[in-house]
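First the structure, in the form of C-alpha cells, and then the observations on it.
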Amino acid sequence: MTSATHSAARPTRGGQQAFSGKASSVERAQGRIGLAFVSLYTLLLLVFGILPTLYAIFLAFTKKGAFAGFDNFAKVFKDFRFLPAVEHVGLYLLVWLVSLVVLVVVLAIVIHSLGTKWLSTSVRFLYYIPGALAGASSVMLWLFVLDPNVSPVSFLLHGLGFNSFVETVQADRLPFTLAVIAFWTGAGGWIVVMYGALNNINGEVIEAARVDGAGPIRTAWFIQIPLLRKWIAYMVILSFAGGTQLFVEPRVLAQASRGVVPQDYSLNQLAFLYAFKQSDFNGSAAISLVLLVVALALSVFFVFRGGLFERA
C-alpha cells in the first residue's frame, strides 16, 4: 500500500517539476521579450535625456571648464530679462492650467452624458482633430485667426476692440492668447482621456446617486470629479511640464509681429538667446536647470496631492 502510494506520487511530482520547468522557461522568454521592448527606450532615454541633463548640470556649475559654484545662476537672476520672462511664463501657466482643468473636465462630463453613442463619438473626434497639428503649424493657423483683416472670426475681434494683428498680440494680453492656442491644440486629447476615465466609473455608483436624488451637477461634483482626481493630476503634471517649455508660439508670433512680441518673452527663448546669440552656454544651462528643478518639484507635489500612485 505504501509502495503503491509512493509510486503514484512519483509521477505527480515529476509532472509538477515538468510544469514548473515549462513555467520558468515561459517566464524567461517573457522577460527577454520585455527587455527587448524597453531596451530601445532605455537607450534613447540615456542618450537624449539623462546624458544631456548631466551635461547641462556640468555647464551650469562651471565656467571655462572650472567650477564656478552658483555664479552662472546669479548672473542669470540679475539679467533684466529674467524676471519678466518668469512673470510671462507664470501668468501663462496660471491661465492655461486653470482653463484646461475646468473646461476639459466639464466638456468630458457633458460628452459622457450624451445619450447617443454616435453623437458623443463625433464630438470627441471633432475635439481631437486640432491635436493632430504640430505646434508650429498650429501657430501659423492662428496667425490668420488673430488677424482681424483675414480672420474667420473677425467680427468677434472687432467686437473686442482689436483692429489689427499687432493689437491682438500685445504683450499684456499675450498670456491669454497663448492659452487659447494651447487649449485649442491640446485639450481635445485630454477630453478623450477623461472620457475614457469616466467610462471606468462603476455604473452602479452613478445609478445609486440618481436613486438618492442627485442630479447631474451633484453627481459630477461629488462622484465623478473625485474619481477623476488621479487623471486630473496626471493631466496637470504633463501640461505644466509642457507649459514651462513655452517657445514655439511666442517665437513665431514675435517674427510675425515684427518685434511687438519680444524675442525673450519666455524662459526658453531667453535660454536660446544666451546659447546662440551670446554664446553663453553656461548661462543657458543655468536657466534650463532652474526650469527642470521647478518642474520636478511641482510635479512631485501634484503626484502626492493627486494620489497618482495610490491603489484604489
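The values are calculated or read from the model by the stated rules, or taken from the named source; none is laboratory data. If you're wondering where the values come from, they're calculated on a predicted model, not measured in any experiment. Because the Cβ atoms are built from the backbone with ideal geometry, glycine has one as well, and the counts that use them run over all protein chains shown. Areas reflect the complete protein model, heavy atoms only, side chains present, ligands, DNA and RNA absent. Shrake-Rupley method; radii C 1.70, N 1.55, O 1.52, S 1.80 Å.
Which members of region 161-187 meet the condition of being in a helix (DSSP H, G or I), buried (at least 20 other Cβ atoms within 10 Å of the Cβ) and either among the aromatic types (Phe, Trp, Tyr) or more than 25 Å from the chain's Cα centre (by Cα) (or both)? Steps first, please.
Just the residues of region 161-187 that are in a helix (DSSP H, G or I), to begin with: 165-168, 171-187.
Next, only the ones that are buried (at least 20 other Cβ atoms within 10 Å of the Cβ) stay: 165, 168, 174-175, 177-179, 181-182, 185-187.
PHE165, THR168, listed by residue number.
Filtering region 144-160 to residues that are open to solvent by 30 Å² or more (accessible area, probe 1.4 Å) and in contact with a helix residue (DSSP H, G or I) (Cβ under 8 Å, 6 or more places away or on another chain) leaves ASP147, ASN149, VAL150, PRO152, VAL153.
Could you please find all residues in region 37-64 being polar (S, T, N, Q) and either open to solvent by 100 Å² or more (accessible area, probe 1.4 Å) or under 21 Å from PHE281 (Cα atoms) (or both)?
Keep residues of region 37-64 that are polar (S, T, N, Q), which gives 39, 42, 53, 62.
Listed by number, the residues that qualify are THR53, THR62.
Of everything in region 188-219, what is in contact (Cβ under 8 Å) with a residue 24 or more places away in the chain and within 14 Å of ILE109 (Cβ to Cβ)? Give them in sequence order.
Step one: list which residues in region 188-219 are in contact (Cβ under 8 Å) with a residue 24 or more places away in the chain, which gives 188-195, 197-199, 201, 216.
Correct list: TRP190, ILE191, VAL192, VAL193, MET194, TYR195, ALA197, LEU198, ASN199, ILE201, PRO216.
Has region 230-238 got at least one residue that is more than 24 Å from VAL98 (Cβ to Cβ) and of a type outside the set (Lys, Arg)? No; the residues of region 230-238 include none that is more than 24 Å from VAL98 (Cβ to Cβ) and of a type outside the set (Lys, Arg). Scoring PHE276 on the criteria (1) free of Cβ contacts under 8 Å to residues at least 40 places away in the same chain; (2) farther than 29 Å from HIS88 by Cβ leaves a single failure, condition (2). Here TRP190 clears all of (1) under 20 Å from VAL260 (Cα atoms); (2) out of contact with any Leu (no Cβ under 6 Å at 6 or more places or on another chain); (3) part of a helix (DSSP H, G or I) except the condition numbered (1).
Can you tell me which residue in region 245-273 is farthest from GLY65 (Cα to Cα), limited to those that are part of a helix (DSSP H, G or I) and either open to solvent by less than 10 Å² (accessible area, probe 1.4 Å) or touching a Cys at 6+ places or on another chain (Cβ under 7 Å) (or both)? Applying the filter and picking the extreme gives LEU253. The residue that is most open to solvent (accessible area, probe 1.4 Å), among those in region 220-244 that are of a type in the set (Phe, Trp, Tyr) and without any contact (Cβ under 8 Å) to a residue 40 or more places away in the chain, is TRP221. Note on region 275-304: among residues that are out of contact with any helix residue (DSSP H, G or I) (no Cβ under 9 Å at 6 or more places or on another chain) and of a type in the set (Gly, Ala, Ser), the one that is least open to solvent (accessible area, probe 1.4 Å) is ALA297.
In region 65-90, the residues that are surrounded by 18 or more Cβ atoms within 10 Å (Cβ to Cβ) reach residues that are acidic (Asp, Glu) and modelled with pLDDT under 95 with C-beta atoms within less than 7 angstrom, at least six apart or across chains, in these pairs: ALA85/ASP264. Under the condition of being under 25 Å from PHE176 (Cβ atoms), among the small types (Gly, Ala, Ser), modelled with pLDDT of 70 or more and assigned to a helix (DSSP H, G or I), the residues counted in region 116-154 number 3.
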